[in-house]
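Accompanying notes for the structure given below.
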Amino acid sequence: MSAKPVIVVFDVGKTNKKLFLFDENYQIVFEKSARFIETVDEDGFPCENLESLRLSVFDSLSEVFRLKEFNIKAVNFSSYGASFVYVGEDGKPVAPLYNYLKPYPNDLSELFYARYGGEEKFARQTASPVLGSLNSGLQLYRLKKEKPQIFNRVKYALHLPQYLRFLLTGNHYSDLTSIGCHTAMWDFEQNRYHEWIQHEGIALKLPPIVAANKTYPPLFPGTNYKVGIGLHDSSAALIPYLVNFNEPFVLISTGTWCISLNPFNEHNLTDEELSQDCLCYLQYKGLPVKASRLFSGNEYEQQSKRIATHFNVDVIKYRNIAYNPDTIKKLRKNQPQVLYGNDFKKESVFNTRNLADFKNDSEAYHQLVLDLINLQVASTQLVLKNSPAKRIFVDGGFSKNNVFMNLLAAEFKGLEVFAASMAQASAVGAALAIHKDWNNKPVPNDIIQLKYFSAGKHD
């Protein structure tokens, strides 16, 4: 029996790091998790242990190459963004992988924005809200200003996905999905690096940009698999939808953050949209994706626990709670509702509600989701307006929440609303990006499972 052709994808999250083998039908045939090992930088701030991560890549690859039932055709990477690995002439890191949650110095931020046109103008040009270290380009600026001796030793600054693939190929390239991820590096108006990159000498530290579907041979002789360029995980998760659906859509990717992604909105970000936490990504073909963000998953977790504690029930109950339209009608009649306009806040009003006003925990829970939906509608509308999108796909945690999905469909009556289910979207996207270089079969049309939610019956 011949070995099954597969692709290896490393999906490296901030805390969860996994390896997947996908067959030619994009089914997972093997997976392995790696432990997250943390260290600290020179200031004592927690950060990724680069040596542990490097060893994990090679150890995991060695393991899967020993599995004789599989024929490894390609390797690719998806990884969290906003993180640089600084490598020297010998290819070894010359500095820690600084944590994007590390506080950014106010004086340095003020100096930077004063020099390059002010926060509003600069944020609009780069489609990057002012986010401190989450703007990874500003990490490079900080390294130059605070640690010039290290900066001068840097041969190349590689975003994490491109560092991981460098380990296998030995060559240095940049990728647009990483550059276009709120880095403050890309000028979306000019479709090129922002002028500050050249002015500050940063351009010399950035390797050439190549297309997301490019592959390269590995460094090690005697092996015939191909290595992809690596992708930013949020952009990679969008690829299966772009490949499978031709009609314009918005994807609401839900988890701790609820991010509305519209690859079909060609309008530049406005100052108002930026102030409401909108930004732009670059998708794998280099086109902009307008996005809006809410911290709703975090709020949901906290408030669900508050409800469960108040009513003395197990919070697990809410994993499968049924949607009750009569409860919603009652709440809309008896409870003050907040419909958010363009001035919506970062969290809903539920935190200010008195739980004693609700008859039982089910009522309170429905009100929580209703408040989150009102917020979600306002956030999604920011990227939906002036675009031809006719469908909304919801993936992640809230796609399995019947209360959330029914209420969302009721609010977007003119659109088709679907709960989407797909295992490991970022990893699948990284595999699909280089499909032609490892897979002789056509892309299957059932990678994404959809469940339609009708708006009409909830009027």
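The values are calculated or read from the model by the stated rules, or taken from the named source; none is laboratory data. The structure displayed is predicted, hence computed values, not measured ones. Quick reminder, even Gly has a Cβ in these numbers, built from the backbone with ideal geometry, and neighbours come from all protein chains shown. For the accessible areas, the whole protein counts, side chains as well, though only heavy atoms, and no ligand, DNA or RNA atoms are used. Shrake-Rupley method; radii C 1.70, N 1.55, O 1.52, S 1.80 Å.
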query = Quick one: Kirkwood hydrodynamic radius for the stretch 182-275, alpha-carbon pairs, angstrom, one decimal?
reply = 16.9
query = Rounded to the nearest 0.05, what FRET efficiency do Asn440 and Val349 have when you use their Cβ-Cβ distance and R0 = 35 Å?
reply = 0.05
note = In units of 2.2 N^0.38 Å, the Cα radius of gyration of the stretch 1-87 is 1.25
task = Starting from the Cα of Asn386, step 7 Å along the direction of its Cβ; do the same at Arg115; then give the gap between the two resulting points in nm.
result = 3.2
task = Over 26 Å between C-alpha atoms is what I'm after, so list which of Lys226/Lys285; Lys68/Lys400; Lys226/Lys441 land there.
result = Lys68/Lys400
task = Only residues of the stretch 296-315 count here: report those whose backbone N is under 20 Å from the spot 7 Å along Cα→Cβ of Thr15, or say none.
result = 296-306, 315
query = In whole percent, how big is the carbon plus sulfur part of the accessible area of the chain, probe 1.4 Å, protein atoms only?
reply = 48
task = Find the accessible area per residue for the chain; the probe is 1.4 Å, ligands and nucleic acids are left out, and the unit is Å².
result = 43
task = Compute the normalised compactness of the stretch 332-391: alpha-carbon radius of gyration over 2.2 N^0.38 Å, N being the residue count.
result = 1.31
query = Any idea how far apart Asp41 and Asn106 come out in nm if each label point goes 7 Å out from Cα toward Cβ?
reply = 2.0
ask   = How many percent of DSSP beta bridges within the stretch 1-120 run antiparallel, rounded to 5?
value = 65
ask   = Relative to the present Cα-Cα distance, how much length would full extension add between Asp23 and Phe295 at 0.36 nm per residue of separation?
value = 94.4 nm
ask   = If you compute percent of Cα pairs over 41 Å apart for the structure shown, which of (i) 16; (ii) 40; (iii) 21 do you land on?
value = (iii)
message = Just to confirm the number: angle between the C-alpha axis of helix 160-169 and the first principal axis of the chain, 0 to 90 degrees, nearest 10?
response = 40
message = Quick one: 3J(HN,Hα) in Hz for the stretch 369-379, Karplus 6.51/-1.76/1.60 with θ = phi - 60°, rounded, Gly and Pro as x.
response = 5, 4, 5, 5, 5, 4, 5, 4, 4, 4, 5
ask   = What full-extension length gain, to one decimal in nm, is calculated for Asn213 and Asp271 as 0.36 nm per residue of separation minus the Cα-Cα distance?
value = 17.5 nm
key: Helix 402-411 axis, angle to the chain major axis (alpha carbon atoms, nearest 10°)   = 80
ask   = With a sphere of radius 13 Å drawn around the Cβ of Ser292, what net charge do the other residues whose Cβ falls strictly inside it have (Lys, Arg +1; Asp, Glu -1)?
value = +1
message = What are the ³J(HN,Hα) couplings of the stretch 127-136, residue after residue, when phi is run through the Karplus curve with 6.51, -1.76, 1.60 and θ = phi - 60°? Round to Hz, x for glycine and proline.
response = 6, 10, x, 6, 10, x, 5, 5, 7, 4
remark   = Checking the stretch 1-51 for GluC sites (Glu not before Pro) in a loop per DSSP with at most 13 other beta-carbon atoms within 10 Å yields Glu42
Length gained when the stretch Gln302-Arg54 is fully extended (0.36 nm per residue, less Cα-Cα span) = 85.7 nm
note = So the FRET efficiency between Phe65 and Val315, C-beta based with R0 = 35 Å and rounded to 0.05, is 0.20
ask   = trypsin sites (Lys or Arg not before Pro), restricted to the stretch 307-394: which are DSSP loop and have at most 14 other Cβ atoms within 10 Å?
value = Lys345, Lys346, Lys359, Lys385, Lys390
inquiry  = If amide hydrogens are placed 1.01 Å from N in the peptide plane, which non-local residues have theirs closer than 5 Å to the one on Val227?
reply    = Val75, Tyr216
remark   = At R0 = 51 Å the Cβ-Cβ FRET efficiency linking Asn402 and Gln198, nearest 0.05, sits at 0.45
request  = Give me the net charge of Ser60's neighbourhood, meaning all other residues with Cβ under 12 Å from the Cβ of Ser60; Lys, Arg count +1, Asp, Glu -1.
outcome  = +2
inquiry  = For the chain, take the longest principal axis of its alpha carbons; what is the angle in degrees between that and the long axis of helix 325-334, to the nearest 10 within 0 to 90?
reply    = 70
request  = Quick one: P(r) of the stretch 259-310 from all Cα-Cα pairs, 10 Å bins, percents rounded to integers, in order of increasing distance.
outcome  = 23, 37, 21, 15, 5
inquiry  = Stokes-Einstein diffusion coefficient for the stretch 135-250 at 25 °C in a medium of 0.890 mPa s, Rh from the Kirkwood formula over Cα pairs: what value in µm²/s?
reply    = 155
remark   = Within the under-14-Å Cβ sphere about His172, not counting His172, Lys/Arg +1 and Asp/Glu -1 give a net charge of +2
request  = Describe numerically, in nm with one decimal, the distance between label points set 7 Å from Cα along Cα→Cβ at Thr223 and at Gln190.
outcome  = 3.9
ask   = Using helices alone, what [θ] at 222 nm do you get for the chain, with -39,500 (n - 2.57) per DSSP H run of 4 or more residues, divided over all residues and rounded to the nearest 500?
value = -10000 deg cm²/dmol
